[in-house]
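Novice: My structure is below; once you've seen it, I'll send some questions.
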Amino acid sequence: MVQLRLYNTLTRSKEEFHPLDPARVRMYVCGPTVYDFAHIGNARPVIVFDVLYRLLRHLYGPDHVTYVRNITDVDDKINDRAARDFPGLPLNEAIRRVTETTASQYMADVKALGCLEPDEEPRATENIAQMIEIINKLYEKDIAYIATGPEGREVLFSIAKMPDYGQLSRRKLEDQQAGARIAVEGHKKSPGDFVLWKESGPNEPGWSADFEKNTPSGDIEKVNIHGRPGWHIECSAMSNRYLGETFDIHGGGLDLIFPHHENEIAQSRCAFGHDVMAKVWMHNGFLQVEGEKMSKSLGNFVTINELLATEKFGGRKWPGEVLRLAMLKTHYRQPIDWTVKSLEEAEKTLDRWYRCLPDGDGSSDEKPDDPFLNALSDDLNTPQAISILHELFTSDMASKHGLRKHDDPEAIQYDDDLSIAVSSARILGLLTHPKADWEARKKSGTSVSEAAIDTLVTARLAARAAKKWAESDRIRDELVAMGIEIMDSKDPATGELKTTWKVKR
Ligand code: AMP
Ligand code: ZN
């Protein structure tokens, strides 16, 4: 078996990968906060860790790998969005609509990018009890404390209680001490202390939580805070529930190293008393636009859905497989500058590869190519793996069949070599569709999730009913951008406003 080597952010070096238990290789990747459509930068970690998942399944057997990717469905950004989109609804109902439709769109998006479903996809709101339990462990040990901030009581993690805090991001404790935040957050013992739990107001989602510890006199001191979790504790709780106190790989984008992953490590290690949370920490580089990270806040983003289901980019829709190959042409730790040209090039490559395939579903029993596997096992060197695929498809096929014959599918047999090439491509999540669909997929892109459209349509009607015209226009523009045409009408009997929609052709 080839030896997998992975770059570990914790040690800043490439290391041989040896799972804690080869019969159960465990990987956790931070998933989306479901308040808005995912952009193609968010697609990068999903694709990168899908390739790693496929590789691990190949190396250790599909039944011996557990991949967990969470859904963050409690977050203040979600509350803001819910209040904005559904002004007429009770907040909890509005939040449920936002998270459900965003999560279903996300799942449709990543499926269109050819990603396997993780083994577990836990939601934060379904793991609140686990979070409270971990916070209690920290509170009992005096690592967490309660203080009153500007928006109510908070349970905070005291970074001074963890001597080696900052290992992952290599920030020193003193660095956390400096800066103007002291004045703003005077209730914290140290400015780097972070929220584990915060009190909720009447208009915020909240759960009742008891925090208990023994006092020196032997009594139990109990504080109840109706509140909600901080972001970092969510991943400590969900990774613990599904993968245990220590596990093999934890991943996400570079921006998660600090504070998110640093704080996950602090919480989990201190609560469970281990030297490690995950053995290997992996971080993908950014997808950029003109040298800047693609992000919601900069406004320079392209949603996955816009790229696959509308004609905004290069005047056409794109199949998810094209975006996938375009991303994998760059090593996952390098930045990528996003361009339509890179999509065009990736599509040409896929054209060529699909042309080599015979008709049919192309099931392939051969093992992947060794040099290909070696490249991929070298810290997921996808650019090299792809150039090996090029060779497998072009030179080999050309010599065997002659390029002329490629237009005649009958002439092409599924021989061993072709089978090896296809098995290899499939570890990258490519060529997993039948050849016959390729031309159609190029034309139709991928359709949008109906549930997501219905929600937007309902939100627009609610905004109109509340006479929030700017808001209803904004939602209409959003729908138009998704390639959806909306038709308003009035029920002649009741005068009630109705909206129907269809995908623009
Ligand atoms: P967020 O919803 O911002 O927490 O992001 C979800 C995931 O996408 C995280 O793993 C981020 O690190 C990652 N991510 C966000 N923006 C980019 C980007 N421009 N390029 C690559 N990864 C990104
Ligand atoms: Zn996380």
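The values are calculated or read from the model by the stated rules, or taken from the named source; none is laboratory data. Quick caveat: nothing in here was measured; it's all calculated off a predicted structure. Note: ideal-geometry Cβ built from the backbone for every residue, glycine included; neighbour counts use all protein chains shown.
Novice: Of all residues in the stretch 129-145, which are closer than 22 Å to D193 by Cβ and either out of contact with any helix residue (DSSP H, G or I) (no Cβ under 6 Å at 6 or more places or on another chain) or of a type in the set (G, A, S) (or both)?
Specialist: Correct list: I132, E133, I135, N136, Y139, E140, K141, D142, A144, Y145.
Novice: Of everything in the stretch 199-243 that's under 32 Å from the mean Cα position of the chain (by Cα) and in a loop (DSSP other than H, G, I, E, B), which residue is surrounded by the most Cβ atoms within 10 Å (Cβ to Cβ)?
Specialist: Going through the stretch 199-243, the residues under 32 Å from the mean Cα position of the chain (by Cα) turn out to be 199-211, 225-243.
Going one step further and asking which of them are in a loop (DSSP other than H, G, I, E, B), we end up with 200-206, 230.
Details: S200: 17, G201: 10, P202: 7, N203: 11, E204: 19, P205: 19, G206: 19, G230: 22.
Among residues in the stretch 199-243 that are under 32 Å from the mean Cα position of the chain (by Cα) and in a loop (DSSP other than H, G, I, E, B), the one surrounded by the most Cβ atoms within 10 Å (Cβ to Cβ) is G230.
Novice: Of the residues that make up the stretch 487-495, is at least one touching a residue at least 12 places away in the same chain (Cβ under 8 Å) and either closer than 23 Å to S104 by Cβ or touching a helix residue (DSSP H, G or I) at 6+ places or on another chain (Cβ under 6 Å) (or both)?
Specialist: No - not one qualifying residue is present in the stretch 487-495.
Novice: A further question follows. In this structure, does S239 turn out to be more than 16 Å from ligand 1 (Cβ to nearest atom) and of a type in the set (S, T, N, Q)?
Specialist: no
Novice: Pick from N214, N284: which is away from ligand 2 (no atom under 16 Å from the Cβ) and out of contact with any His (no Cβ under 7 Å at 6 or more places or on another chain)?
Specialist: Unique residue meeting the criteria: N214.
Novice: Right, something else. Of everything in the stretch 214-230, what is at pLDDT 95 or above and either away from ligand 1 (no atom under 16 Å from the Cβ) or touching a helix residue (DSSP H, G or I) at 6+ places or on another chain (Cβ under 7 Å) (or both)? Give them in sequence order.
Specialist: K222, V223, N224, I225, H226, G227, R228, P229
Novice: A follow-up question, please. Can you find a residue that is in contact with an Asp or Glu (Cβ under 7 Å, 6 or more places away or on another chain), charged (D, E, K, R) and outside the structural domain of W281 (by TED's automatic domain parsing) anywhere in the stretch 351-372?
Specialist: Within the stretch 351-372, one or more residues are in contact with an Asp or Glu (Cβ under 7 Å, 6 or more places away or on another chain), charged (D, E, K, R) and outside the structural domain of W281 (by TED's automatic domain parsing).
Novice: Could you figure out which of (1) modelled with pLDDT of 95 or more; (2) in contact with a Phe, Trp or Tyr (Cβ under 8 Å, 6 or more places away or on another chain) isn't true of V289?
Specialist: Of the numbered conditions (1) modelled with pLDDT of 95 or more; (2) in contact with a Phe, Trp or Tyr (Cβ under 8 Å, 6 or more places away or on another chain), the odd one out for V289 is (1).
Novice: What is the residue count in the stretch 222-241 for residues that are more than 13 Å from ligand 2 (Cβ to nearest atom) and not polar (S, T, N, Q)?
Specialist: 7
Novice: Is it true that G299 is at pLDDT below 95, part of a loop (DSSP other than H, G, I, E, B) and not assigned by TED's automatic domain parsing to the domain that holds H433?
Specialist: In short, yes.
Novice: Would you mind stating whether D248 is away from ligand 2 (no atom under 13 Å from the Cβ) and not in a strand (DSSP E or B)?
Specialist: Numbers: away from ligand 2 (no atom under 13 Å from the Cβ): yes; not in a strand (DSSP E or B): no.
No: the conditions fail for D248.
Novice: Further, regarding this structure: Mind checking whether some residue in the stretch 34-53 is within 24 Å of D454 (Cβ to Cβ) and within 15 Å of ligand 2 (Cβ to nearest atom)?
Specialist: Among the residues of the stretch 34-53, at least one is within 24 Å of D454 (Cβ to Cβ) and within 15 Å of ligand 2 (Cβ to nearest atom), which makes the answer yes.
Novice: Right, something else. Return yes or no: is G179 modelled with pLDDT under 95, on the phi > 0 side of the Ramachandran plot and surrounded by fewer than 16 Cβ atoms within 10 Å (Cβ to Cβ)? I'd like the intermediate steps shown before the answer.
Specialist: Values: modelled with pLDDT under 95: yes; on the phi > 0 side of the Ramachandran plot: yes; surrounded by fewer than 16 Cβ atoms within 10 Å (Cβ to Cβ): yes.
Spelling it out, G179 is indeed modelled with pLDDT under 95, on the phi > 0 side of the Ramachandran plot and surrounded by fewer than 16 Cβ atoms within 10 Å (Cβ to Cβ).
Novice: Now for a different question. As an exercise: evaluate G315 against (1) in contact (Cβ under 8 Å) with a residue 40 or more places away in the chain; (2) more than 19 Å from L10 (Cα to Cα) and give the number of the one condition it does not meet.
Specialist: Of the numbered conditions (1) in contact (Cβ under 8 Å) with a residue 40 or more places away in the chain; (2) more than 19 Å from L10 (Cα to Cα), the odd one out for G315 is (1).
Novice: Examine the stretch 261-269 for a residue that is within 13 Å of ligand 1 (Cβ to nearest atom), within 29 Å of L56 (Cβ to Cβ) and touching a strand residue (DSSP E or B) at 6+ places or on another chain (Cβ under 6 Å), and state whether such a residue exists.
Specialist: Among the residues of the stretch 261-269, not one is within 13 Å of ligand 1 (Cβ to nearest atom), within 29 Å of L56 (Cβ to Cβ) and touching a strand residue (DSSP E or B) at 6+ places or on another chain (Cβ under 6 Å), which makes the answer no.
Novice: Right, next: Would you check which residues across the stretch 304-322 are crowded, with 18+ Cβ neighbours inside 10 Å and either more than 16 Å from P45 (Cβ to Cβ) or out of contact with any helix residue (DSSP H, G or I) (no Cβ under 9 Å at 6 or more places or on another chain) (or both) and list them?
Specialist: If the condition is that a residue be crowded, with 18+ Cβ neighbours inside 10 Å and either more than 16 Å from P45 (Cβ to Cβ) or out of contact with any helix residue (DSSP H, G or I) (no Cβ under 9 Å at 6 or more places or on another chain) (or both), then N305, E306, L307, L308, A309, T310, K317, W318, P319, E321, V322 are the ones that fit.
Novice: Of the conditions (1) more than 14 Å from R426 (Cβ to Cβ); (2) at pLDDT below 95; (3) assigned to a loop (DSSP other than H, G, I, E, B), S364 clears all except one; give me its number.
Specialist: Failing condition for S364: (1).
Novice: Being assigned to a helix (DSSP H, G or I) and within 30 Å of D50 (Cβ to Cβ) is the filter here, so list the residues in the stretch 130-172 that pass it.
Specialist: Those that are assigned to a helix (DSSP H, G or I) and within 30 Å of D50 (Cβ to Cβ): Q130, M131, I134.
Novice: Condition first: of a type outside the set (K, R), touching a Pro at 6+ places or on another chain (Cβ under 6 Å) and not in a strand (DSSP E or B). Can you find one or more residues in the stretch 312-329 that meet it?
Specialist: Scanning the stretch 312-329, I find no residue that is of a type outside the set (K, R), touching a Pro at 6+ places or on another chain (Cβ under 6 Å) and not in a strand (DSSP E or B), so the answer is no.
Novice: Another question, then. Consider R69 carefully, then state whether it is touching a Pro at 6+ places or on another chain (Cβ under 6 Å), among the basic types (K, R) and either closer than 27 Å to I233 by Cβ or within 16 Å of ligand 1 (Cβ to nearest atom) (or both).
Specialist: Details: touching a Pro at 6+ places or on another chain (Cβ under 6 Å): yes; among the basic types (K, R): yes; either closer than 27 Å to I233 by Cβ or within 16 Å of ligand 1 (Cβ to nearest atom) (or both): yes.
So R69 fits the description; yes.
Novice: Let me confirm something: among I47, I146, I71, which residue is hydrophobic (A, V, I, L, M, F, W, C) and more than 14 Å from the chain's Cα centre (by Cα)?
Specialist: Within the list I47, I146, I71, the selection yields I146.
Table: residues versus (1) over 23 Å from E262 (Cα atoms); (2) surrounded by fewer than 21 Cβ atoms within 10 Å (Cβ to Cβ).
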residue: L4; (1), (2): yes, no
residue: Y7; (1), (2): no, yes
residue: T11; (1), (2): no, yes
residue: R24; (1), (2): yes, yes
residue: V29; (1), (2): no, no
residue: I40; (1), (2): yes, no
residue: G61; (1), (2): yes, yes
residue: H64; (1), (2): yes, yes
residue: D76; (1), (2): no, yes
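Novice: For the stretch 251-278, name all the residues that are touching a Leu at 6+ places or on another chain (Cβ under 7 Å) and away from ligand 2 (no atom under 16 Å from the Cβ).
Specialist: Result: C270, single match.
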